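Asks: I'd like to ask some things about the structure below.
The values are calculated or read from the model by the stated rules, or taken from the named source; none is laboratory data. Since we're looking at a predicted model, the values are computed, not measured. Using ideal geometry, Cβ is built from the backbone for each residue, glycine included, and neighbour counts are taken over all protein chains shown. Heavy atoms of the whole protein, side chains included, go into the accessibility calculation; ligands, DNA and RNA do not. Shrake-Rupley method; radii C 1.70, N 1.55, O 1.52, S 1.80 Å.
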Amino acid sequence: MKKNIVTIIFKYINKKHNNEELLKDLNELIELYPKDKDIIIKYITEINEIMNSTLLDIERDSKIEELLIKSKYNIDTAKNMSPMDVANMIGDLFYLEYLPDIDQEYFDEMVEECIKNDKKECAWRLALNYDGRFDMDKIETYFIDIKDSYYLAELISIQDNPNYSGITTKLINSKDKELIQKMLSKEYIEFPDALKTKLEKFIKD
């Protein structure tokens, strides 16, 4: 996706960029968004002043984060980002400490956009980052519907409490014995004994 102030700040607060890289990115924004040149230059000037101050490094970083996160420019840009934009922003950085504050409805919207655009990796990375916070039902169904045993197994493997019962029901309802067999053959996936027996019986019937 196209770089903007939100994606730059997101990288910075998740420690994927240092201060020098932050300034480099902000200078690139001037070329990408010439109409916002004055605002961006103002941020660059203020960040340079903070970096050249006598504050400790951790205090400098905190002050820069506060400056950017609370800025009207950042907030207005974030409001105009689509669920797919936000999903891509999260997916691009893999696993994150700080995530957008969203609810289940918005999470499902991001997943639906991933499904619509056939972005399996992005959907999986959303699950990786939001495991334990949201229901992964739509992602489970997506991977089963497209018969992707790899991503379904990876989805299960990164969850603290996988929905084995629901996944078993969905697998049986899919009537896809080949997919079920592939899932049972994954050594790092351990269906509870009763559910494993249920799946094995379905394959044999």
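Asks: As I understand it, the value is the acute angle between the Cα axis of helix 83-92 and the longest principal axis of the Cα atoms of the chain; what does it come to in degrees, rounded to 10?
Replies: The angle comes out at about 90 degrees.
Asks: May I ask you to compute the full-extension gain from Asp92 to Ser174, defined as 0.36 nm times their residue separation minus their alpha-carbon distance, rounded to one decimal in nm? Walk me through the intermediate numbers first.
Replies: Details: separation 82, 0.36 × 82 = 29.52 nm, distance 3.14 nm.
Full extension from Asp92 to Ser174 adds 26.4 nm.
Asks: Going by average Cβ density within 10 Å per residue, which order do the peptides 177-187, 126-136, 5-15 take, highest to lowest? Walk me through the numbers before you get to the answer.
Replies: Working: 177-187: 14.5, 126-136: 17.9, 5-15: 20.0.
Result, highest mean Cβ count within 10 Å first: 5-15, 126-136, 177-187.
Asks: How far is helix 120-130 tilted, in degrees, relative to the longest principal axis of the Cα atoms in the chain, given as a value from 0 to 90 rounded to the nearest 10?
Replies: Once rounded, the angle reads 80 degrees.
Asks: Considering only protein heavy atoms and a probe of 1.4 Å, how much of the accessible area of the chain is carbon and sulfur, as a whole percent?
Replies: On the way: 5640 of 11590 Å².
Heavy-atom surface of the chain belonging to carbon and sulfur, 1.4 Å probe: 49 percent.
Asks: How far is it, in nm, from the label point at Lys70 to the one at Lys204 when both lie 7 Å from their Cα along the line to the Cβ?
Replies: If labels sit at Lys70 and Lys204, their model points lie 6.6 nm apart.
Asks: Based on the Cβ-Cβ distance from Lys42 to Glu105, what FRET efficiency comes out when R0 is 41 Å, to the nearest 0.05? Working shown, then result.
Replies: Numbers: r = 35 Å, r/R0 = 0.86.
That gives a FRET efficiency of 0.70.
Asks: Something else about it: So if we plug the beta-carbon distance of Thr54 and Lys15 into 1/(1 + (r/R0)^6) with R0 = 30 Å, what FRET efficiency do we get, rounded to 0.05?
Replies: Details: r = 23 Å, r/R0 = 0.77.
The value I calculate is 0.85.
Asks: Over the range 80-158, with the other protein chains present, what is the accessible area per residue in square angstrom, probe 1.4 angstrom?
Replies: Details: 3720 Å² over 79 residues.
Each residue of the range 80-158 exposes 47 Å² on average to a 1.4 Å probe.
Asks: Now for a different question. Using a 1.4 angstrom probe and counting only protein chains, how large is the accessible area of Glu105 in Å², to 10?
Replies: 130 Å²
Asks: Angle, helix 37-51 long axis vs. longest principal axis of the chain, Cα atoms, 0 to 90°, nearest 10?
Replies: That helix lies at roughly 80 degrees to the long axis.
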